[in-house]
Amino acid sequence: MLQIAEIYKSIQGEGEFTGTSSVFVRTTGCNLRCWFCDTPFTSWEPEGEQQSIDHVLSQVAELEVEHVVVTGGEPLLLPDIVPLTAELRSRGHFVTLETAGTVFRAATTDLMSISPKLANSTPGVDRSPAWSKRHEELRHRPVVIRSLIAEPRYQLKFVIDVPTDVAQVEEWLVEFPEIDRGRVWLMPQATTREELSAKTDWIEAAAMENGFQFTSRLHIEQYGNARGY
Ligand code: SF4
């Protein structure tokens, strides 16, 4: 069984396949609590319902789209992600799996999309002392990252809020010399069009300067982070 928040058709808004028509299978439940989480209904206030793998597959089939993005929350918390992704691939789908990179399972993917959480993601103790501590303890798991980047195709997306965050990305990468910088994407921390627009120019320039890719967040540009888009 899988705890599912929503299944819907939209366009991929971030990273290598930006603009690609995709079905999003969003699981609910997360072991982290980023202060800027753009899907709090999967983390801070989790919603959703238990669904069988067959039920998920039938909803995906009805939408008739090749690309499927399995996202969350943290989808790799759920053991049934392994048979779900294998079955999606066997049905001819291109499977992207989005993870924060703190849990490993042998999912079947065409693109492993990892969004490691930097120190800039940790919630303040004023919001939740327990989650502030737990998030900080769990957010960086080098062994898991190494297993995930062993997948044939991967990308790393870092959420950038302020200019000093770019230096944090560089520090993070020192531990992983095997990572191809061309697969590293910087994207603005934003949940509104206004925030996105205010950060785009300087983050794009910083990405170019450091040999990274820049990704906007198309779904926020177009829909302002509304649910189901
Ligand atoms: S890892 Fe993702 S789903 Fe979990 S709290 Fe952070 S942004 Fe939200």
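The values are calculated or read from the model by the stated rules, or taken from the named source; none is laboratory data. Here the structure is a predicted model, which is why all the values come from computation and not from measurement. Backbone-built Cβ (ideal geometry, glycine too); neighbour counts: all protein chains shown.
For the range 33-57, name all the residues that are touching a residue at least 40 places away in the same chain (Cβ under 8 Å), within 16 Å of the ligand (Cβ to nearest atom) and surrounded by 21 or more Cβ atoms within 10 Å (Cβ to Cβ). Within the range 33-57, ARG33, CYS34 meet the criteria. Screening GLY73 with (1) within 16 Å of the ligand (Cβ to nearest atom); (2) touching a residue at least 40 places away in the same chain (Cβ under 8 Å); (3) out of contact with any helix residue (DSSP H, G or I) (no Cβ under 6 Å at 6 or more places or on another chain); (4) among the small types (Gly, Ala, Ser) gives one miss only, at (3). Considering the range 2-29, the residues that are β-branched (Val, Ile, Thr) and in contact with a His (Cβ under 8 Å, 6 or more places away or on another chain) include one that is farthest from VAL159 (Cα to Cα), namely VAL23. Count of the range 193-229 residues, restricted to those that are in contact with a His (Cβ under 9 Å, 6 or more places away or on another chain), under 20 Å from SER115 (Cβ atoms) and without any contact (Cβ under 8 Å) to a residue 24 or more places away in the chain, is 0. Among the residues of the range 82-116, those that are of a type in the set (A, V, I, L, M, F, W, C), touching a Lys or Arg at 6+ places or on another chain (Cβ under 6 Å) and either surrounded by fewer than 22 Cβ atoms within 10 Å (Cβ to Cβ) or over 13 Å from CYS30 (Cα atoms) (or both) comprise VAL82, VAL95, LEU111. Tell me whether the range 179-190 contains one or more residues that are touching a Phe, Trp or Tyr at 6+ places or on another chain (Cβ under 7 Å), under 21 Å from PRO123 (Cβ atoms) and part of a loop (DSSP other than H, G, I, E, B). Checking the range 179-190: at least one residue is touching a Phe, Trp or Tyr at 6+ places or on another chain (Cβ under 7 Å), under 21 Å from PRO123 (Cβ atoms) and part of a loop (DSSP other than H, G, I, E, B).
Only residues that are within 15 Å of the chain's Cα centre (by Cα) and assigned to a loop (DSSP other than H, G, I, E, B) were counted across the range 1-17, and they come to 6.
In the set (1) within 14 Å of the ligand (Cβ to nearest atom); (2) in contact with a strand residue (DSSP E or B) (Cβ under 6 Å, 6 or more places away or on another chain); (3) over 23 Å from THR215 (Cα atoms), the condition left unmet by PHE24 is number (3). Considered as a group, the residues in the range 130-167 that are among the aromatic types (Phe, Trp, Tyr) and in contact with a strand residue (DSSP E or B) (Cβ under 9 Å, 6 or more places away or on another chain) include one that is farthest from the ligand (Cβ to nearest atom), and that residue is TYR154. Selection of the range 106-147 for residues being in a helix (DSSP H, G or I) and either under 24 Å from PHE214 (Cα atoms) or at pLDDT below 95 (or both) yields ALA119, ASN120, SER121, PRO142, ILE145, ARG146.
In this structure, is ALA5 under 30 Å from PRO129 (Cβ atoms) and touching a residue at least 12 places away in the same chain (Cβ under 8 Å)? Yes: the conditions hold for ALA5. In the range 148-167, of all residues being at pLDDT 95 or above and surrounded by fewer than 16 Cβ atoms within 10 Å (Cβ to Cβ), the one that is nearest to GLY182 (Cα to Cα) corresponds to ARG153.
Of everything in the range 82-106 that is over 10 Å from the mean Cα position of the chain (by Cα) and within 21 Å of LEU138 (Cα to Cα), the residue that is farthest from the ligand (Cβ to nearest atom) is ALA106. Please verify whether the range 180-189 includes one or more residues that are without any contact (Cβ under 8 Å) to a residue 60 or more places away in the chain and at positive phi. Within the range 180-189, none of the residues are without any contact (Cβ under 8 Å) to a residue 60 or more places away in the chain and at positive phi. Of all residues in the range 148-173, those that are under 22 Å from THR191 (Cα atoms) and assigned to a helix (DSSP H, G or I) have Cβ atoms under 6 Å from Cβ atoms of residues that are at pLDDT 95 or above and of a type outside the set (D, E, K, R), 6 or more apart or on another chain, in VAL166/ALA206; GLN168/LEU118; VAL169/PHE158.
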